[in-house]
Every structure is written in C-alpha cells, then in structure tokens.
1. Tell me, what is the FRET efficiency for residue A:199 and residue A:89 to the nearest 0.05, using R0 = 56 angstrom and their Cβ-Cβ distance as r?
2. Any idea what diffusion coefficient chain B gets from Stokes-Einstein, in µm²/s, Kirkwood Rh on alpha carbon pairs, 25 °C, 0.890 mPa s?
3. Straight-line reach from residue A:295: which aspartates and glutamates have a Cα under 15 Å away, not including same-chain ones fewer than 8 places off?
4. When the label point is put 7 Å from the Cα of residue B:43 along its Cα-to-beta-carbon vector, which residues of the range B:55-88 have a backbone N closer than 16 Å?
5. Below 10 angstrom from the Cβ of residue A:56, what's the summed charge of the other residues (Lys, Arg +1; Asp, Glu -1)?
6. How many Cβ atoms of partner chains, on average, are near each residue of B:60-72 if near means within 10 Å of its Cβ?
7. Once you put a point 7 Å from the Cα of residue A:53 and another 7 Å from the Cα of residue A:179, both along the Cβ direction, what distance in nm separates them?
8. Roughly how big is the range A:47-116's charge dipole about its Cα centre, with Cβ charges of +1 (Lys, Arg) and -1 (Asp, Glu), in debye to the nearest 20?
Amino acid sequence: MSEAVLKAPLVLEYPFTRTTGPVVGAFLTGLREQVVLGVRRSDGTVMCPPLEYDPADASPLDELVEVAPTGKVVTWTWNGTPRDQQPFDRPFAWAMIRLDGADTTMLHAVLVDGPEQMATGMRVAIQWREEREGHIRDIAGFVPADNAGPEDSAASTSGLATVNAAEPVQSVRTPIRIEYDYTPGAGLSAYLRAIKDKRILGDKCPVSGQVFVPPRGVSPVAGVRTTDLVELPDTGYIESFNITRVPIRGRDDLHPPYCSAWIVLDGASVGFIGLVSGVDADDVRIGMRVKAHWKPDDELEMSATNILWWEPTGEPDVPITDYEHVGRTDADTAGEAS
Amino acid sequence: MRDIAVVAFTQRQEASIPHESEVEFMVPLMDEAKKTVGLTQQDMGFTCSGSSDFLAGQAFSFVMTIDGTGPVPPISESHVEMDGAWALYEAWVKLQIGDIDTAFVYSYGRSSPGSLRDVLATQMDPYYVAPLWPDAFAVEALRARLLLESGKVDERRLAEIASRSRTHAVDNPHAVRRTPKSVDDILAEPFAADPLRPSDLPASADGGAVLILAAGDRARELCDRPVWIRGIDHRIDAHSLGVRDLTRVESAEIAAHHAGVADDRIDFAELHAPFTTSEALLVDALGLGGDTVINPSGGALAAHTMMASGLIRIGEAATRIADGQGDRAVAHASSGPCLQQNLVCVLEGE
C-alpha cells in the first residue's frame, strides 16, 4: 500500500418534506403562533412534544392541551464546539426540558455563557425565533428564566383556540446534509489513477476468467478478490441503447434527442452506460462499433467523466445472432456446459 | 424448537480501513469462515447481512457486498439495515422453519469516511429532534447526568468499567483501544461530553464480521464444539427519548427474561455497550452477578464497529465457549439512541 489513499469530498443531501398529520401539525402550527401544545395520554398525563399515539399502549391520541413556554431542566450536557446545523453557532447546552404542564421532556438547546450557568432543575423559557414557519426550530432555544413564574402556574388556555383558528401546518421541511471524505477502495483507486492517463482498467476473475469494468476488486460471480488488472482498449460495441426525447432538469448539456447506450469494451465481459454522439440518434444500432471521445489532455482528471461520449468508428457492426449471449465471452459460456 | 449453533466466526476491526472498500475487506473474512467449516456459498441454506449505507455515504454498498459472497448461481438472501445481530436473528428464524440446515450471516461498517456521531443524528425523531442535529455523544451525556444525579451510578463506577475494558482489550488483537489506564487516571480526564470522559466513549472502528449457523447434527459435523443458541429475544423501547425512563433499559430486561439469562449461571457476558453508562445499565437489566466476567474482549468501548458490534459480541462469546473458556454465556446487541433496541442471546457449549 505504498500509494496514498485517494480521497474526495462527498456530500449527501436529502431535501425531505414530511407530512405532519393532525397532532404533529397542530404542535408545529402552535410554534408558529408562539403557543406550545401537548397531547393527553391514555393515563391522563400530558406528552410534549406530542405524538399521535401513546408509546406505552399504542392507543390513538388527539386531545390537545396547551402547556407553558417555561419549564425546568431535567438533565443537560455542555456543547463546547457547536457543529454544523445545530441551533447555535456559539457554545451552548443540550438539555431535556419538562415544560410546565407536561409530564414528558423535550430535547433542545439552552443558551448560556458556560456550563457553570447550567444546573439540573433550573427554570428556563423558550426564546422564539423572529421568523417562524411551523418548525421545531421556531424555538431558537431556551434561556434561563428565574422570573418565569412558578412551575404550577396555569398555562393560558387561549392558545388552543389560536391554533385552531390558524392556517394549519401540513408539512415540514427537514433537509439533511452529511459530509464525507469518500475513499474508493483498491480496485476503483487503480481504475481512477489509470483513467487520468486515458487508460481503462478492468479486473479479471481468477475463477471464471471474466473481465469486469470498472474493477471493484472482487469478482461479483465467484466472490473472490481479483488480483489481475487488465488494460482494455477504448473501443467496443453497443449492446443496447435508449433514446431520450425529454430534457432532464440540471443537465442542460444534454440536448434531446440523445442516446444512452450500454457499451461493451473489446475484451470485457460486462458493459457500462455511456452517451453516444457523433451520429443521429435514429441511426444508432445494436452491434454498432464505437470508440471513446476523451476530454482534452489538459482537462483529464481521476474520473470516468474523462470520456465525454462514445462515437461510431465506421467499422462493420458486430454481428449479433444469438441475443442470449450478447456481451458474453467464451469464458462466460464455458461454465454453462458443466 | 430446533437446536441452532454458531459453528464459525471471523472478524476484522481497525481504527480505519482506508485502502479497501467494504466488499474488498469482507471477502477474506467470508472465505476464512467458510473454509473453517469446509462449506461453499452454494452450501448455505440462507444468507443474511446487516449494514447501513449512511455510514460511508456509499449508496447500495450492501448490494456490492453481496458480490463478495459469490452469489452466482443466485442465492437465497436478505439484508437488514441493522446490526448484524438482527441478521443473525432472521437467519435463526429461517433455520427454525426447518427447511435449511445452514445459514451465512455477516455485517460490516465503515464509518471513518464520515463523522459517526453526527451521522447518528439522522436516526432521531425526524420532526422534533433530528433537525437540531444533537450528536450521539451529547445524547448519551444527557442520560449519563440523569444516572449520576439519581445515584444509580457514580463516576468511579463508570471509570472502573472503562479501565477494565482497556485491560481486557490488551489481549484482543481486534480491539483498537487497548492501552491500560487506571481508574484514577481516567477520572482525571477532562470531559468530552460533560459528564462523560473520553474513556467513557466508544473507540470507533471500521470492520466487519462473519458468522455461520448450523442446525442439529449438521452443526456437530461441521465443528468440534458447536455453541448452541439456547435462547434469543429482542425488544424495543419507545423512539422518543422524552417518554422513556432513561435510568433503566426495560427492553433489555424483557429480552433477557425471554432468552432465559437467569435460568443458570453465566460464565461471561459480551455486552454491546458503546458507553460505560450503557454497560452499567445493561448489567442491571440482564441481572448479571459478580461472578460473571463482563466483556472479556474489551467490548464495544474498545472497538465499536457500527452495524457489526452486536454480531461481534455473539461471535466473541461463541469463540470463547468453543475454546473452552466457559460453558454458558450471554451475548447482547443494541441499536438506536440510548440502547433503544436490545437483543439478548444465551449461548452454551456442547
């Protein structure tokens, strides 16, 4: 392992929008209106934040009750180095908070200057975000509130009416974003290093003799590590293809109609997908011989995108008479006799 | 009920495995396990795996890893987005049905490409908690303060657990945190997630494990000392942390009861306890006495391979019984924040 590990930033993002239903939706509507709602459980206690079922006996719950925007810290921990996407970008405490009028706790942030200002049992109050949309982060966080009133102070009862009269929240945006340092493994690393020099590598199954491209370091049929990398030419044929006649959002570089094809390189046992250009889409045929069209040399990188498209060579088509065996080598079919 | 035994186990855990993809590092483990009992993939009645694509951000990594089994001609196969212990459970159920005699189980996790403690925020409630991105250490720290302030444990007890894990791990080549440290030195560590110290937290690892199950006489043919699964059960607590009593682990208590932990003495226990607080709670929940050796491998504190740590606990316990280091053991796996879900498995030697 003398060569350095290849690494590339990889960001995973999901733009989730979730439907909320009548109970979670009412809670989030309340936050937008600066009202906190819980739900009464089967045993008469109040759960906040509310769920539409009782976690103890699964009975459906729908009796919403207002709880106070104040409460007490049941447990806490100090977060000295806030991480991306957390409620505050300066150090803060995480806490489980039992709001006055509720019997369960909620997890949220408490904004204080240091851990010495935190204590179990301390009174806190919600700090509302200026602009609210019906989201758990309408609560910017909690702040200490010695003057927040006694625990048993009755919550207002007008809040429920406010929520009932308001436009209900029916969905909530909860995007997630996770960053990685992607490392491709041994087989793909060899492939990526070679393709920077316009060389295409595959790996050869030591059991069946089949050649797989791109190489994965493992034979997907025999379940063994592959040891022999083989260099393949940048020529092959079209095993199958598709003509796309509608545009794709985010790919302005593709002008319909365009052709995506399954390309089998000379000497390979499997194909991979590639664009076909330099020919009218209507003239593309199964069996057509093609050659890679590479990026200019000064733009080459460790990426399969170095091949911009595949274009016809003008050679006679590969004759395909036995469609059961398209794309399969002698090594593939040899095993079938046994 | 059919008698089902563990007949082979292999594992690999390292602080990070940057040079190999998941399937590349799993293939040698799969081969080694199969060779131990002289079986090929085509001899396996069923194959079940556990992993999560979120760890490395590699979409469909579990599909590529199936390539490593040698799945041609097509095999009977399933996957769970859970620790491999639950893949083992599915295989055990399949064996109980009675039409197969062997099953191949594996799981793996490579969390080093991402930040595991942040990735784990995505398993929290998606409406109320995940949008705040509480990291996994902070969430356990909230439980830890509850335990300390309720008097259920004290800091010294947690430090003793951490110190013992390190001592046990010295002899475990698969452990990644294996330098001994005294209780007093651990207590002198500054907080990592107040009130948890670095030694209270799991030593994250990349890796995987492979385990082969066989039924009845088939198990006796395949190895000298089959390790029988005498009881296995798994239960789950509520998802919302705010409705749970975090000073106990009710789902583990029930699973231990149904698995029959208390029916006889337990020589040792392999507990999937990522935190010292987890172990303190689990020892109580499983009703383990002072004569039971806890985590002879060092446990998940010494090497925590997400998605494989639970299966590794079962494999570690089975290997020790097969080697004659004990006759009856309990292995435990967990999943979710604050030990939300728990699997308990009682193992006995032939």
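Throughout, read-outs are computed from the coordinates displayed, never taken from laboratory work. The shown structure was predicted, so the numbers you read here are calculated from the model rather than taken from an experiment. So basically every Cβ, Gly included, is an ideal-geometry build from the backbone, and we count neighbours across all protein chains shown.
1. Calculated transfer efficiency: 0.75.
2. 122
3. Of all the aspartates and glutamates, those that pass the test against residue A:295 - Cα under 15 Å, at least 8 places apart if same chain - are A:197, A:234, A:253, A:311.
4. In the range B:55-88, the label zone of residue B:43 (backbone N under 16 Å from the point 7 Å along Cα→Cβ) covers B:70.
5. -2
6. 4
7. Between residue A:53 and residue A:179, the label points sit 3.8 nm apart.
8. 420
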